[in-house]
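Data block below; observations after.
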Amino acid sequence: MADIRREPCRLYLITPPQILDLATFARQLDAGLAAGDVAALQLRLKGVADAEIAAAVAALTPVVRAHNVALILNDRPDLAAALDCDGVHVGQSDASCAQARRLVGKDRTVGVTCHDSRHLAMEAAEAGADYVAFGAFFETSTKEAVTRADPELLTIWQETMQTPCVAIGGITVARAADLARAGADFIAVSAGVFSHPDGMASAIAAFDHELKAAFTVVASGV
């Protein structure tokens, strides 16, 4: 039986680990966010000073908020609170969900990486995570994936838990609909958008089309 209670699966963007030209990136992002539905942008800058993260937050916050997109900071709940981000995403080797919640407060989003583990995800959900992220579902060049998740994990989670789940890892436009139908509430994409040969706006528009089509199939029972 089709699950007509589900909300449509939405796109969750993750920035490249380095942004070489912040002003250009912000302009491209503005155009991209106008091209399709995006739930959140995770700012994931690696190996940079706090001042560079702060500069990126300052430049990108007005852009994402103009499109009603949440700005999530990777790894750093302390900076997420200090810079007034909408939330934080923590990995298993970062702050715990409880620690992140104490630092960002009750009104900001806390997301947790759970790899391919329902056990880790259930612990995060019980600790008050706003979403859990599973992956990697496919080979990815963005980061070294320590686990490979099966789409069935999304289905089981969707059937048994209320906390939203994010699918991540090597997801392209062609792969997005299958993961949405499997049970993902959000599809997390980095290279699939920011390294797309046709540009950011075209990629977001293509993902938006595929995700809406996938939900139409689920909702109609086709």
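The values are calculated or read from the model by the stated rules, or taken from the named source; none is laboratory data. As the structure is a computational prediction, the values presented were derived from the model and not from experiment. Methodologically, a virtual Cβ is constructed for each residue, glycine included, from the backbone with ideal geometry; neighbour enumeration extends over all protein chains shown.
Show me the helices (runs of 4 or more DSSP H) entirely contained within region 1-87 in which 1 or more residues are closer than 26 Å to A177 by Cβ and touching a Gly at 6+ places or on another chain (Cβ under 9 Å).
Of the helices (runs of 4 or more DSSP H) lying wholly inside region 1-87, those with at least 1 residues that are closer than 26 Å to A177 by Cβ and touching a Gly at 6+ places or on another chain (Cβ under 9 Å) span 22-33.
Exactly one condition in (1) in contact with a Leu (Cβ under 9 Å, 6 or more places away or on another chain); (2) loosely packed, with under 14 Cβ neighbours inside 10 Å is not met by E152; state its number.
(1)
With respect to A206, is the statement that it is over 16 Å from the mean Cα position of the chain (by Cα), surrounded by 21 or more Cβ atoms within 10 Å (Cβ to Cβ) and over 15 Å from A136 (Cβ atoms) true?
In short, no.
Out of A66, A35, A58, which single residue is surrounded by fewer than 21 Cβ atoms within 10 Å (Cβ to Cβ), modelled with pLDDT of 95 or more and more than 19 Å from the chain's Cα centre (by Cα)?
A58
Determine, yes or no, whether V104 is buried (at least 19 other Cβ atoms within 10 Å of the Cβ) and under 17 Å from the mean Cα position of the chain (by Cα).
Taking the combined requirement at face value, the residue does not satisfy it.
May I ask you to list the residues in region 30-44 that are in contact with a Ser or Thr (Cβ under 9 Å, 6 or more places away or on another chain) and farther than 13 Å from V189 by Cβ?
If the condition is that a residue be in contact with a Ser or Thr (Cβ under 9 Å, 6 or more places away or on another chain) and farther than 13 Å from V189 by Cβ, then A35, L43 are the ones that fit.
Given the criterion crowded, with 21+ Cβ neighbours inside 10 Å and at pLDDT 95 or above, identify the matching residue among A124, A174.
Exactly one of A124, A174 is crowded, with 21+ Cβ neighbours inside 10 Å and at pLDDT 95 or above, namely A124.
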